[in-house]
Amino acid sequence: MSEDILRVSDLSTRFFTNEGQVNAVESVDMTIERGEVFGIVGESGSGKSVTALSIMDLVESPGEITDGSIEYRNEDLADAIRDDHPHAVDGEFVDLLSVPETVHSGLRGTSFSMIFQDPESSLNPSLTVGEQIAEAVEVQRRASSRPRSGRARTQGVQYSLGSYIASTILPSKKFVTEESKTRAIELLELVGIPDPVKRADEYPHQYSGGMLQRAMIAQALAGEPDVLVADEPTTALDVTIQAQILDILADLQERTGMTIILITHNLGVIARMCDRVGVMYAGEIVERGTLEDVFVDHVHPYTEGLLGSVPDLEDVGGRLEPIEGNVPSLLAHEMGDGCYFADRCPRAMEECLHKPPDIEGEGSDEHVAKCYLAEHPYDESQALPEGYFEDRTMGEVTADETSSDETTEEMRGDD
Amino acid sequence: MISDRVKSNLQYAFWESFLPKLGMILLVTIVLMAVFAPLIATHDPTRTGHFNEDGAQYPPLGFEYTSEIATGGEIVEITVESTNEHILGTNKIGQDVFSRFVYGARVSLLVGIFGVVLALIIGVPFGLIAGYYGGHIDDGLMRMADIMLAFPSLVLALALIGVFGQQPIRVPDPIVKAGLAEGMPETIPIPGAVIIVVALVTWVWFARVARGEALSLRNAEYVKAARSFGTSNRTILFKHVLPNSLTPIIVLATIQIAVIILTEASLAYLGFSGTTLSWGFEIKQGQSVLRTRPWVAMVPGIGIVLSVISVNLLGDWFRDALDPNIEGGERGG
Amino acid sequence: MSMPKFLLRRTLQGIFVIWGVVTVLFVLRAVSPGDPATLMLGEGANQELIQQVRAEEGLNDPIFVQYADYITDLVTGDLGYSWRSNREVEAMVIERIPATLELSIAATIVAISIAVPMGVISATRREQLSDYGATLFSLLGISTPNFWLGLMLILVLGVWVGIFPTGRRAVGFGEALMTLVGTGSPGELLTWLEYIALPALTLGTYFTALITRLTRSGMIDELGKPYVKATQAKGLPLVLTRYKHVLRNTMIPIITVLGLQMGTLMGGAVITETVFNWPGLGQRFVDALGIRDWPLMQGIILFVAISFVVINIVVDALYTYLDPQVSVE
Amino acid sequence: MTESDRGDTATSETLLEVRNLTKYFYERDSITDRLLGQNPVAIKAVDGLDFDIGRGETLGLVGESGCGKSTAGETLLRLQEPTEGVVRFDGENIYDLGSGELTKFRRNAQIVFQDPFSSLDPRMTIGETVRQPLDVHNWPRSDGNVGVERSDKQLRTARVKELLNRVGLSGDQFDRYPHEFSGGQRQRVGIARALALDPEFVVLDEPTSALDVSVQAQILNLLNELQDEFGLTYLLISHDLSVIRHICDRVAVMYLGEIVEIAPSEEIFTNPRHPYTEALLESVPRVNIDEKDRDIETLTGDVPSPRNPPSGCRFRTRCPKIIPPADVDLSQEEYRAVVTVLDRIRGRELDVEGAREFAAEESDGDVDDATVVDSILTRMLDVDLSAQPPHRERVREAVTAAVEGDWDRAEETLSTYRSLCEKVTPELQPGHTHPAACHLLDQPDDVERAIRDAEATAPDPAND
């Protein structure tokens, strides 16, 4: 295909909570190519949203990116900061975790944009939709008015409290200009909102859920980003509206050539949109590859379980083949050293008590899985005895389940 | 290893846990002081006439002041020195300031606690029923609450005092009765009217909060589930709605204790509390001699501030720990 | 629903509230001990005279007739005469309004201008020294009875430091302003400022503390909302996220709370006026209460209740303008 | 889920009969509103449902959010009082039941809710939660059994433990609180509570939508097993078509408070008759690597508000198969575009000012009405009507009228384009095994008559 735009390696994000350290994202590796749709699929608490937030530099206290690198290909940026931070630049790539945080966060809106799961709470209820989109336009306009300026590149758009106070009296000092407002209306039209002029002056509560998600997309497009991170963009929507939104995303991607990182728990959405997929479980990408690698040639029992859990619309099957057990705790001290899926895995073997590395699987050359089954077939003689994990944890279950559950909930909040 | 962000989190956690501890220590001290007042006080707080040989008030320990006295038609300036006998000095009519400070805690706490309990008894059932059943009962309550809110609570309290009168109820002091302390007042004056009055101006806040909770709980799925297998409304109210409304009510109750302590002090300051053994009344006493003998007004004020702070600290702690989303309610003072 | 209809609706509700207040007052007066005629004439008046007054005032009528008369009088704007001074209650209330109004407005200005910046600093610099300072200040502020605070301010700033006068208010704002306009001399206005400083500070401290707390906690809540993350995701400068988005949304609910706190402000004014011997409604109310001058008390409470209702209608109307989610429905 | 259960229920014994079930909510209904002369606004959440559920079968009620499916579920359990309609359970109208009979009904009909977090009282142990129905109904005495060797309490505790074990939890977890459990486990507790009194009928209100897929599959399997074991009858409410297909025998599709189609599951999924059902099925992304290449036609627009549902067929505002009048020879796409203009004119929603602003910006100056009309037409009609000059002119005329402010004339100009679908409400064919409320299909006699009447009074476009 084409060149890489984003190389994430060994990314780890942790939350330091009262119950202990939560390993929300653990040593995630992935490369994303320019102009593709890369899917991240997983259940709640699998760390998929935190991965997205890490890329956007939106992880907030008590969370923190503790390790790894996120390399972003951008020639201009590389040139602008090569002198100050030579160690962070590798050819056209800039490691966003080795440069000052202002550089990373300054890319928001112009290089990276994001749309969120719940469009209703992701827009400010007391400002008009048009105004909010115009703000995003303005960020882009101000940043690109000084394309080569090092300050713009490394600091993002500046606006002081003084200017803000002045703007409450002097209209000429307002952050959002008339041109940006006009552009906002064009963007609304672009995403298929009827009567954009009138709609731009309306408030979020006057929009339907589908319309709001369109507006969010318009806002994300305002900065003409290289990479659009879509975090469960259709989860809160009905299927007919979901189809509309996916259509728009696919259409816009085709037109602008932007790269999309699509995060969802819905395998159907992945199938419809993505070129390549990573499956996340307990903070790790347990299997990744092309759509076909994951959907057809999958080796990881978790991927298999996930696929087996979805009732098929086309065909009435008998029983579903669910994964037994529950989503695991992400508390560092409860996670153990082995494969995190072993306790729910129907084919866990003795070697699974040691963490498997990324192992190449069948299919395309990008197909890897964190599972020994990619190396050799299941060996029944090596199987862990039934109830192995229950016996081992029986004594502590009572005490621990509470905290792990609360942690999972907390993580859900971040999802 | 530990980043600055994490470190500041830890510091904050310490700060946050320190304040409630401070509040707890303060409150326990004040409660002990109130309960064992006869043992702690050095003099009968109601006994007057503790003056020095010149007929002047004593200043607190370690202080002295100049006073003018008339002797034989002549005005002389004398220096009044403190005495170990009265560590916080005496007031205008020669009562021991320290003893009155100790006894003052009783009235504040009694009114605060009983006032809130009474307000809870009136407000919570009313609010729960109104919120749970909705409709006309609810409309009625909300209109009534509107009317209550239109009265400034202190003004309403003053008007009500006019109706109820100010006679305190006198109950025997168990510690004195048991003979553990001598020379102390034999009864505790409980300002019953004040308790009723503060409850009457406070209950509406409890009703509002309870109503809000019941209103949201009546549509909770577990309440619907209970209804689906035929649970009676009364059982639902007792078993589901009440227990699940308690958190914000507890927080509000704590905050309201502080509010009531301030209201009582204000009433006493204006001379409408029914007992003279109140910090507010004592401040009023001190006002006329503020320039020359400021300790008389200062000491009881510190008592009020400390007790209200201690209760507020606990309230904040509850609120943070339990996180109910309620407004603080109207505060007096 | 349109704005006029909304106002009509709220006015209807307001009239109901006023009716409730008036009725409560009537009941209070009816059940309170003491015979009005005796109170009017003073202890020891002769029995014949008392009976005569009772008849004149309709005190011998059935209670419902008395209630009807009372409501009729109020509806026609007749607040009656003070029992003690025999002056018209209306005049006695009106002459005291300016002083109380000056004090309340000054206190509100003091409160808002200190509290909002303090709350913002506290919320945006959490866990730093300024946050602890603001938290401690607001804790003290809501825990200090204002009569005591007033006395301490008089003692420290008035007596010991001596920068503020401690006597009774010397001049009203209106007169001071007229002097300034008429003669160009700001002297009286400065005097007015000197005299109002301590009372306004006393009355305002509690509100400063309250608004600081509300702003801080409201802003912290608001900062945690998803749209804040979204504004950051689109690269909006922090200043705009903080002030244009977050602070604005924080202040919207606080305005309502302040409307409801009008009662507290009036209660505080009663005390503050007593402490500073401030010639306002509060002081008059306490005087009236001391001698059970019911018509005067009623007049003052009625005035306060009506202002409360009006202010809250205004606040609600303002709210629909500030918060687009709340339509006038 | 045996083969014989599928298909027409008229043959199997009917447990629940729903006739004309209607539930409106009213807004602006306070005393002050009445004083001000405001009429209450009805939200037509559920508007005239008719269906039967046979004993032992699973009926699916599927639809998008806001279509009224959950309200229907709660109303037919009498958790809300209906505005109109009859629900017969075992032949008796549940809205006429006296308190004794109602108690009996409450034993027999239970509900499992969507949200496993809010459906359990956080202050009750799960044991208490499951025991609650037993306490309320004074079990086992109400069954005529009195414990001889064991007290009621012991019997109840034993029953609760048995239930917890049956739904896949451990009886030892009796004393734990809900927050100690994961979503899937809590949903199991909810199911155990619903089964405590051995009901015949259970409403499953989105029982798996809050769960992760792997856990969802566990719960679906459990529900299937329990149905076989206890002979339960289910009403499954869901927005998820694959879940519906997986466990339902028959399916009713709801749109804006009405059932638009009802048929055996297999029929609905392989041969949908109503355009809405078709669109719904098409919209679901398949878990399949060929999904990318599947062409789907997405529905336009949003679900209209139930406060003011469209006249006639409620789906007509989004329907890809709306029926043009006989004399309008436009393609579906072209006709849809014209109808959209008509609908917006009728709702006075055409944004003339916006278009004027837009046009002004493009031409940098003042604009005449003709330019505004052009601007509106180019923006609104994403279909080129130039191949249809008479229609194009007609639309242009109407928009011009609207721009000039004469909305009535604008509406009148386009009135000949009014579809049959908005004039006459289609109905489900009674007695049919696969009824669907659509004018494209044969309609009952009274509807056919209404259609003829409507056509007779329609103005002839030629004379207009």
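Each reported figure results from applying straightforward, stated rules to the coordinates on display, with no laboratory input. Every value quoted in this text rests on a predicted model; they were computed, and no experiment measured them. Because the Cβ atoms are built from the backbone with ideal geometry, glycine has one as well, and the counts that use them run over all protein chains shown.
At a Cα cut-off below 21 Å, give the lysines reachable from B:K92, other chains included and same-chain residues fewer than 8 away excluded.
B:K284
Would you mind putting A:120-131, B:149-160 in packing order, based on average other-beta-carbon counts within 10 Å, highest first?
B:149-160, A:120-131
For B:K21 and B:I75, compute 0.36 nm times the residue count separating them, minus their Cα-Cα distance, and round to one decimal in nm.
Between B:K21 and B:I75, full extension yields an extra 14.1 nm.
Which cross-chain or sequence-distant (5 or more) residues have an amide H under 5 Å from the amide H of D:V251, H modelled 1.01 Å from N in plane?
Those qualifying (amide H under 5 Å, at least 5 residues apart or on another chain) are D:G60, D:A263, D:S265.
Report, in degrees rounded to the nearest 10, the 0 to 90 angle that the Cα long axis of helix D:126-136 makes with the longest principal axis of chain D.
Between the helix axis and the principal axis of chain D, the angle is about 90 degrees.
Go through segment A:61-77 residue by residue and turn each phi into a ³J(HN,Hα) via Karplus (6.51, -1.76, 1.60, θ = phi - 60°); whole Hz please, and just put x for glycine and proline.
3, x, x, 6, 7, 9, 7, x, 9, 10, 9, 10, 8, 7, 4, 4, 5
Per DSSP H run of at least 4 residues, take -39500 (n - 2.57); add these up for the protein assembly as shown, divide by its residues and hand me the 222 nm value, nearest 500 deg cm²/dmol. Intermediate results must be reported in sequence, preceding the final value.
Working: 58 runs with 776 residues, N = 1541.
Result for the protein assembly as shown: -16000 deg cm²/dmol, rounded to the nearest 500.
Using the Kirkwood radius built from alpha carbon pairs, what does the Stokes-Einstein equation give as D for the protein assembly as shown at 20 °C and 1.002 mPa s, in µm² per second?
57
How many nm separate the modelled label positions at D:I451 and C:S130, each set 7 Å beyond the Cα in the direction of the Cβ?
For D:I451 paired with C:S130, the spin-label model returns 7.3 nm.
Over chain B, what is the relative contact order in percent, taking alpha-carbon pairs closer than 8 angstrom and at least six residues apart?
Working: 527 pairs, mean separation 73.6, N = 333.
RCO, chain B: 22 percent.
In this model, which of A:K48/D:K69; B:K21/C:K225; A:K198/D:K69; A:K173/C:K244; A:K198/C:K5 are farther than 22 Å apart at the alpha-carbon?
A:K48/D:K69; B:K21/C:K225; A:K198/D:K69; A:K198/C:K5
Taking the Cα centre of chain C as the origin and placing charges on Cβ (Lys, Arg +1; Asp, Glu -1), which of C:I252, C:Q128, C:A230 is farthest toward the positive end of the dipole?
Projecting each Cα onto the dipole axis, the largest value belongs to C:A230.
Working from Cα positions, state the angle (0 to 90°, nearest 10) between the long axis of helix A:239-256 and the longest principal axis of chain A.
It works out to around 70 degrees.
Taking the simple approach of a point 7 Å from Cα along Cα-to-Cβ for both A:T256 and A:E186, what is their distance in nm?
1.3
Rank by packing, highest mean first: peptides D:57-69, C:190-202, with packing defined as the count of other Cβ atoms within 10 Å averaged across residues.
Details: D:57-69: 24.1, C:190-202: 20.8.
Highest-to-lowest ranking by the protection proxy: D:57-69, C:190-202.
Mind checking B:215-227 for the average number of partner chain beta-carbons within 10 Å of each residue's beta-carbon?
6
Whose amide H sits under 5 Å from the amide H of D:I111, counting only residues 5 or more places off or on another chain, with H placed in the peptide plane?
Amide H neighbours of D:I111: D:V203.
Taking the Cα centre of the protein assembly as shown as the origin, how large is its charge dipole in debye, to the nearest 20, when only Lys and Arg (+1) and Asp and Glu (-1) carry charge on their Cβ atoms?
Once rounded to the nearest 20, the dipole reads 7100 debye.
Kindly express, to the nearest 10 degrees and within the range 0 to 90, the angle between helix A:388-414's C-alpha long axis and the longest C-alpha principal axis of chain A.
10
Please average, across the residues of A:222-229, the number of beta carbons from any other chain that are within 10 Å of each residue's own beta carbon, and give a whole number.
Neighbouring Cβ atoms belonging to other protein chains average 1 per residue here.
What are the ³J(HN,Hα) values, in whole Hz, obtained from phi via the Karplus relation 6.51 cos²θ - 1.76 cosθ + 1.60 with θ = phi - 60°, for each residue of segment D:221-236 in sequence order, with x given for Gly and Pro?
Working through the residues one at a time gives 4, 4, 4, 4, 4, 5, 4, 4, 5, 9, x, 7, 10, 10, 10, 9 Hz.
Among C:280-293, B:51-64, how do they line up by average Cβ neighbours within 10 Å per residue, starting with the highest?
Answer by packing, highest mean first, reads C:280-293, B:51-64.
Mind listing the long-range amide H neighbours of A:Y281? Cut-off is under 5 Å, sequence gap 5 or more, other chains count too, H placed in the peptide plane at 1.01 Å from N.
A:V286
Counting Lys and Arg as +1 and Asp and Glu as -1, each charge on the Cβ, what is the dipole of chain A about the Cα centre in debye, to the nearest 20? Could the numbers behind the result be given before it?
Values: 31 positive and 80 negative charges, 509 e Å.
The dipole of chain A has a size of about 2440 debye.
Counting partner chain Cβ atoms within 10 Å of every residue's Cβ in B:43-49, what's the average?
0
Between D:I289 and B:S216, what is the FRET efficiency for a Förster distance of 60 Å, r being their Cβ-Cβ separation, to the nearest 0.05?
Computed FRET efficiency for D:I289 and B:S216: 0.85.
Explain nothing, just the number: relative contact order of segment C:3-94, from Cα pairs under 8 Å at least 6 residues apart, as a whole percent.
18
Of D:G127, D:H137, D:I94, which is farthest along the charge dipole of segment D:92-212 in the positive direction, counting Lys and Arg as +1 and Asp and Glu as -1 at C-beta?
D:G127
Quick one: 3J(HN,Hα) in Hz for segment C:245-253, Karplus 6.51/-1.76/1.60 with θ = phi - 60°, rounded, Gly and Pro as x.
In residue order, the calculated couplings are 8, 6, 4, 4, 5, 5, 6, 4, x Hz.
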